[in-house]
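Structure first, commentary second.
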Amino acid sequence: MRIKFGTSGWRGIIAREFTWDRVDRVADAIGLLLRREGRNSIVIGGDCRFLSPELAESTADRMAGYGFEVLLSPGPCPTPVLSHACRKGGHGGVINFTASHNPPLYNGIKFSPWHGGPAGSDLTASIEKIIEEEGKPERGSGSVVSKDLRSDYSRDIQKYLNPDAFMNSGLKVVYDAFSGAGSGLLDRILVELGASVRVLNGARDPLFAGRQHPEPGESGTADLAIQVVSSGASLGVATDGDADRFGIIDENGKFVSPHDFLPLLLNYLVEVKGYTGVAVRSVTTSSLIDRIARDHGLKTVVTPVGFKYLGAEMLCGNVILAGEESGGLSITDHIPEKDGILACLLAAEMVCAGGKGLAAQLDDLWQKYGRIHVSRVDLRLDGSLRDYITKNYFESDPSEIAGLSVDSIDRTDGVRMILESGDWILIRLSGTEPLARIYVQSDSAEKTDGILEKITAGFHP
């Protein structure tokens with residue numbers, strides 16, 4: 001069974017695909033790759049999943065045996081913190097033990113090169129080739145330094161915040177840490193800024209408190225929404241297990257989709273904080289971002305799905321906001337990696353600076369720019385469904401779908417079919433799980449859901 005890197009690293013079911021021996025093979029390949037690049041230091045850590053801290057410690061010793069200077073997080077550490085430590089310290093890369101939002105049975109390795117963002121496809125292909133060749137570095141004499149990396153991150157993140165906005169705001173936040181690595185960090189920063197914070201699921205739990213799919217989307221934040229309403233909080237925030245993804249609940253207990261939050265944040269960064277530059281979004285993310293950018297005389301760049309593509313745009317410079325519908329964002333010259341902690345902090349700042357909740361702020365935004373609705377459904381990808389989708393959409397140019405005429409086709413990522421009305425339907429295969437993801441965008445929630453229903457009903461290969 002080949003070790004294959006997906007959209008965001010190599011992941012597998014623990015003890016079946018993801019085994020200790022295979023982890024060592026991946027670490028050896030990364031070590032040899034870094035050696036060939038002339039790099040001799042690395043940051044290593046992991047989230048709260050089963051064996052992540054133990055694998056991080058073992059891999060740190062292994063890499064030191066190859067002559068690397070290793071900076072090790074002594075306990076569970078958020079992905080953005082590891083990326084920040086790499087970038088700030090000028091290290092050669094990051095080995096991060098995480099499977100992000102995958103089910104509890106999974107773990108994985110995410111490798112980031114020197115810039116702290118996700119490794120590109122060419123780089124992961126090189127790692128895969130070295131693994132197949134069973135390559136490993138020569139022995140050497142390195143060292144392991146264990147350090148809590150969160151303090152430096154907490155200090156440096158203040159650069160992107162306005163502490164004055166939080167003063168005397170009376171901000172009340174409920175934070176669902178999803179039993180993950182963001183606990184004790186995001187809540188502490190909020191408290192230091194003057195907020196009152198209640199934490200849910202703050203203790204480490206590799207089973208994610210019974211969550212089978214620990215993703216801070218609408219269904220995953222249902223309990224958080226209840227707690228926001230019952231406690232009269234100003235805001236609810238959530239981060240996934242490695243704290244690279246975010247979830248937001250408004251003052252009314254409603255889930256704020258990234259399709260809505262990202263345009264709202266872009267408008268805030270431009271109008272209130274005075275940022276200028278380019279807005280970057282993935283192809284599956286609402287084009288309301290484009291509309292707001294145009295109104296401010298700014299350009300939008302659209303990328304394939306995966307933060308390695310958005311991060312690459314950030315490395316080019318002059319980016320205001322890079323965001324994707326799966327709950328990932330970063331801004332300006334921050335790390336070219338998803339940062340759910342920063343996303344939640346900016347949401348809190350927006351509430352304080354605006355003097356009203358996100359629901360009220362979104363109403364104002366939609367009044368000015370109109371509203372765009374994007375919905376998604378995930379279908380379990382068995383062999384027959386994969387064949388059906390491949391034959392009818394990936395290997396052909398469909399002229400209609402769900403009874404609607406297709407005007408043009410965009411293959412930036414998957415197959416995006418633009419309809420005569422300007423609405424679009426996108427079909428793509430997940431890079432991390434055996435799923436087909438179906439997206440629909442239109443100007444009406446009823447229309448969007450109706451189209452999705454017709455598509456899924458017709459997928460009977």
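The values are calculated or read from the model by the stated rules, or taken from the named source; none is laboratory data. These figures come from a predicted structure and were not determined experimentally. Positions of Cβ are backbone-derived with ideal geometry, glycine not excepted, and every protein chain shown enters the neighbour counts.
So the values come out like this:
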read-out: Flag for residue 29 being in a helix (DSSP H, G or I), over 18 Å from residue 6 (Cβ atoms) and touching a residue at least 40 places away in the same chain (Cβ under 8 Å); value: no
read-out: Check on residue 419, more than 25 Å from residue 306 (Cβ to Cβ), among the hydrophobic types (A, V, I, L, M, F, W, C) and at pLDDT 90 or above; value: yes
read-out: Counted residues, region 207-240 - those being within 22 Å of residue 376 (Cβ to Cβ) and either acidic (Asp, Glu) or in contact with a strand residue (DSSP E or B) (Cβ under 7 Å, 6 or more places away or on another chain) (or both); value: 14
read-out: Any hit, region 290-306, residues being crowded, with 24+ Cβ neighbours inside 10 Å, within 30 Å of residue 155 (Cβ to Cβ) and within 14 Å of the chain's Cα centre (by Cα); value: no
read-out: The listed residue being of a type in the set (Asp, Glu) and surrounded by fewer than 24 Cβ atoms within 10 Å (Cβ to Cβ), out of 176, 240, 244, 223; value: 223
read-out: Candidate set: region 179-198, residues that are on the phi > 0 side of the Ramachandran plot and touching a Pro at 6+ places or on another chain (Cβ under 9 Å); chosen: the one surrounded by the most Cβ atoms within 10 Å (Cβ to Cβ); value: 179
read-out: Those strands (runs of 3 or more DSSP E) lying entirely in region 142-228 with at least 3 residues out of contact with any Lys or Arg (no Cβ under 9 Å at 6 or more places or on another chain) and modelled with pLDDT of 95 or more; value: 143-146
read-out: Of the criteria (1) assigned to a helix (DSSP H, G or I); (2) in contact with a helix residue (DSSP H, G or I) (Cβ under 6 Å, 6 or more places away or on another chain), which one residue 387 fails; value: (2)
read-out: All positions within region 416-449 that are farther than 28 Å from residue 101 by Cβ and assigned to a helix (DSSP H, G or I); value: 446, 447
read-out: Residue in region 364-384 that is of a type in the set (S, T, N, Q), in a helix (DSSP H, G or I) and within 24 Å of residue 170 (Cβ to Cβ) present; value: no
read-out: Conditions (1) buried (at least 18 other Cβ atoms within 10 Å of the Cβ); (2) in a helix (DSSP H, G or I); (3) of a type in the set (Lys, Arg): number failed by residue 281; value: (2)
read-out: Number of positions in region 390-407 that are of a type in the set (Val, Ile, Thr) and in contact with a helix residue (DSSP H, G or I) (Cβ under 8 Å, 6 or more places away or on another chain); value: 1
read-out: Hits in region 170-218 - residues which are over 20 Å from residue 327 (Cα atoms) and among the polar types (S, T, N, Q); value: 196
read-out: Among residues of region 408-422, those that are surrounded by 13 or more Cβ atoms within 10 Å (Cβ to Cβ), acidic (Asp, Glu) and out of contact with any helix residue (DSSP H, G or I) (no Cβ under 9 Å at 6 or more places or on another chain), counted; value: 1
read-out: Residue list for region 1-26, restricted to those being in a loop (DSSP other than H, G, I, E, B), surrounded by fewer than 18 Cβ atoms within 10 Å (Cβ to Cβ) and either in contact (Cβ under 8 Å) with a residue 40 or more places away in the chain or in contact with a His (Cβ under 9 Å, 6 or more places away or on another chain) (or both); value: 2, 4
